[in-house]
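The values are calculated or read from the model by the stated rules, or taken from the named source; none is laboratory data. Small disclaimer: the values here were computed from a predicted structure and weren't measured. Every residue, glycine among them, receives a Cβ derived from its backbone with ideal geometry; neighbour counts consider all protein chains shown. Side chains are part of the model used for accessible areas, which takes the heavy atoms of the whole protein and leaves out ligands, DNA and RNA. Shrake-Rupley method; radii C 1.70, N 1.55, O 1.52, S 1.80 Å.
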Amino acid sequence: MLDFFTIFSKGGIVLWCFQGTGVTESFTGPVNALIRSVILQERSGNNSYTHDALSLKYKLDNEFELVFVVGFQKILTLTYVDKFIDDVQLHFRDRYKNELEQKGARTLLSSCFAFEDDFKMLLCEAEESSKARGPTSMRSFNASLKSQKTVKSMIETKGGDKGKEQGGKKNKNAKKEGKELHILIKSCLVVQGMQLSSMKGDLLAVDYESSEEEEEDVVEKVVVADTSKQIPKRGAYGGMFGMLKGLVGSKSLSQEDMEPVLDKMRDHLIAKNVAAEIASQLCDSVAKKLEGKVMGTFTTVASTVKGALQDSLVQILQPKRRVDILRDVLEARSQRRPFVITFCGVNGVGKSTNLAKISFWLIENGFTVLIAACDTFRAGAVEQLRTHQRRLNSLHPPQDDRGRPVVQLYEKGYGKDAAGIAMEAIAYARNQDFDVVLVDTAGRMQDNTPLMTALAKLIAVNMPDLVLFVGEALVGNEAVDQLVKFNQALADHSISDKPRLIDGIVLTKFDTIDDKVGAAISMTYITGQPIVFVGTGQTYNDLRSLNARAVVGALMKA
Ligand SMILES: Nc1nc2c(ncn2[C@@H]2O[C@H](COP(=O)(O)OP(=O)(O)OP(=O)(O)O)[C@@H](O)[C@H]2O)c(=O)[nH]1
Ligand SMILES: [Mg+2]
């Protein structure tokens, strides 16, 4: 019933594999997909993965640095697989302990792992035991947990969901304030006598002062030195990693050792605004990665876990593919077509403002920009863009012989079909040799189906080069909901088989969050897409690229 089972080292050497009878398809594709999208991307919190029609389950052996993967048809419910994979792992370790302890690629390559018979025996045992258990009968209502709940406990009360409510309220207040200042600030934003520095070339990265981080490291060094003498100072270990710093020695890590540290870590991440669900998944993934790993002498559980978490976070934030807009615009120019970027997101997050900042950056780099006013919904949206256009042109007098302004606005007023206006704007830009078209769209809540359908249509019809999701760095759990639903809507309402989803993220209002930088993690984790721009204020200069290490530094700060 199994399609395949494979055992390979974390270094990539396949030690042994089994292919089910009658299975002709190679399992390289699914296993590679698992490695690429789960194991390398620190998403191993969950030990299963689906690839096309296959279900894959895997287990990491961190002591011997091995990965065990089993694959079977998704439609089969194989209840024995979890236990089976554990049994195979234990058996394999016991049998080849000597070879595995030597480690090193050469030893592994030259060793012979004749595991076939043992494997078949274990498989037979597992299949037999699952048959012996027989099919489980359906629970009656009286036996179910639901029957024990009172009707009252099933009704959501206002007070019961306090945290959520408060979050919502805060958000609403922030929105309200935003709206009140809307017309006033929006139009007089930016350029108020401030000094604009040049933004030629790649953007600067966001930065943090690392003084506190260094302080924490110093504390850690002291602690390690102390524990080596086995006299841990009580109460001296503050911060999230204070617990268990006293544990030293070369032992292999177990779930129980890590549990208290991981719990603290999860709370810490949530306090830094990482969505709760993602904080849990990250901690589970770190636990899976470390379980069974042998720690060196003088390393503490806390520092090992902290190191692993830090690596995972950097890995998540590190872009999987490089988005180089300046290069891509040049390429589009060589093909005599404009490069089109669409901005989308919920209301008031900073779409139009950051679109203006990005225009400024593009103009500084010698490109001409056409802004397509496709927010035909909110009063004042077109005027807001016109104000930006005027200001940008006054900062950059025309450079070509025709005396044409460097940035123009394509607008058709309000109430019209946004997809149609975007299409006309792109055609206009092509005729008039504009290098870039920036499409501003109306803010929409992720649950508003008609507006989400309209956005999906705009994107499906115009096929922009880049679809950027604009999100506030202030959001916590809400970030996940927004992104999942935007992506879902784009997929659901697309007319093509391969729908265009979000290609990148603009993280705005980064200047307002102090070190609560968790939204950056939630957004990249959930989409797997890079943060292309970071908005750090209300002037044209306040645009940065993301510095993964600086963000992780801020995230780990106590
Ligand atoms: N502090 C700070 N404020 C920002 C940033 N980006 C945008 N804002 C402010 O956020 C408010 C809303 O910005 P808009 O650009 O109008 O937002 P929008 O998403 O286009 O709004 P709608 O079109 O109504 O959906 C404005 O007051 C901006 O000045 C940022 O990076 N930092
Ligand atoms: Mg707007």
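Across all directions of projection, what mean area in square nanometres is found for the Cα convex hull of segment 463-552?
The Cα convex hull of segment 463-552, projected and averaged over all directions, gives 6.2 nm².
Could you give the nm distance between label points at residue 65 and residue 497, where each point is 7 Å from its Cα heading toward the beta carbon?
Those two pseudo-labels are separated by 4.2 nm.
What whole-number distance in Å separates the alpha-carbon centres of segment 1-39 and segment 417-487?
If we compute the Cα centre of each part, the gap is 39 Å.
How much length is gained on full extension from residue 263 to residue 393, taking 0.36 nm per residue of separation minus their Cα-Cα distance?
41.5 nm
Residue 93 versus residue 481, label points 7 Å from Cα toward the beta carbon: distance in nm?
Reported label-point gap for residue 93 and residue 481 is 4.2 nm.
Could you sort 404-410, 511-517, 464-470 so that the peptide with the highest average Cβ count within 10 Å comes first and the rest follow in order? Provide the component values of the computation, followed by the final result.
Values: 404-410: 20.3, 511-517: 16.3, 464-470: 22.7.
Top of the packing list down: 464-470, 404-410, 511-517.
Calculate the radius of gyration of the Cα atoms of segment 384-500 to one decimal place, then report Dmax, the largest Cα-Cα distance, as a whole number, both in Å.
Considering segment 384-500 through its Cα atoms, Rg and Dmax are 16.6, 52 Å.
At 1.4 Å probe size, what's the solvent-accessible area of residue 35? Round to the nearest 10 Å².
Rounded to the nearest 10, the figure is 50 Å².
If you bin the C-alpha pair distances of segment 297-403 every 5 Å from 0, what whole percents do you get?
2, 9, 15, 15, 15, 12, 8, 6, 5, 5, 4, 2, 1, 0, 0
How high is the FRET efficiency from residue 293 to residue 86, r the C-beta distance, R0 22 Å, rounded to 0.05?
Efficiency at R0 = 22 Å is approximately 0.80.
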